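*Asks:* Please see the structure below; I have some questions.
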Amino acid sequence: MHQQVNLDAFRGRATELYGSDPKGWKFACPRCHTPQSALDWDAESIDREVIEKQIGFSCIGRQIKDKGCNWTLGGLLQLHDIEIVDGDGNTHPHFRLHDPANSCLSVGGDDT
């Protein structure tokens, strides 16, 4: 079962951990656990449109050889732990937030 988290709670937790700039928010791939942020992708000169579509949904290894893995949440196997619920009630699979002290964090009210 996937933990469902509303978008505001997700953004709030990410801001607590990494500040208000979403480019610095770090996510962990559910397969290889590689922490990654939009800044990491940008440092590799990946196109911004690709970053916006794939960050938190596909591992950086899909774009950069020898980093992370080739995992994406758009495949047949549903390996993700959380789904973000947008304002219209639609759910979107997403990588968990990464925290160096705790490896990976859940988000939402009770952190379970």
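Since every read-out is calculated from the coordinates, none of them should be taken as a lab result. Keep in mind the model is a prediction, meaning the values are calculated, not measured. Every residue, glycine among them, receives a Cβ derived from its backbone with ideal geometry; neighbour counts consider all protein chains shown.
*Asks:* Take the Cβ-Cβ distance between Leu7 and Ser45 as r, set R0 to 41 Å, and report the resulting FRET efficiency rounded to the nearest 0.05.
*Replies:* For Leu7 and Ser45, the calculated efficiency is 0.90.
*Asks:* What is the ratio of the Cα radius of gyration of region 1-54 to 2.2 N^0.38 Å, with N the residue count, to two decimals?
*Replies:* 1.22
*Asks:* Relative contact order of region 3-88: what whole-number percent is it, with Cα pairs under 8 angstrom and at least 6 residues apart?
*Replies:* Working: 107 pairs, mean separation 28.1, N = 86.
Relative CO of region 3-88 lands at 33 percent.
*Asks:* Taking every pair of alpha-carbon atoms in the chain, what share in percent sits in each 5 Å bin, from 0 to the bin with the longest distance?
*Replies:* 2, 13, 23, 26, 21, 11, 3, 0
*Asks:* Right, here's the next one. Applying the Karplus parametrisation 6.51 cos²θ - 1.76 cosθ + 1.60 with θ = phi - 60° to the phi angles of region 23-34, what ³J(HN,Hα) value in whole Hz is obtained for each residue in order, glycine and proline being reported as x?
*Replies:* 5, x, 5, 9, 10, 10, 4, x, 8, 9, 6, 5
*Asks:* If you line up the long axis of helix 7-18 against the longest principal axis of the chain, both from Cα atoms, how many degrees apart are they, to the nearest 10?
*Replies:* For 7-18 against the chain, the angle is about 60 degrees.
*Asks:* What does the helix-only formula give at 222 nm for the chain: each DSSP H stretch with n ≥ 4 adding -39500 (n - 2.57), the total divided by the residues, and the result rounded to the nearest 500 deg cm²/dmol?
*Replies:* Computed mean residue ellipticity for the chain: -6000 deg cm²/dmol.
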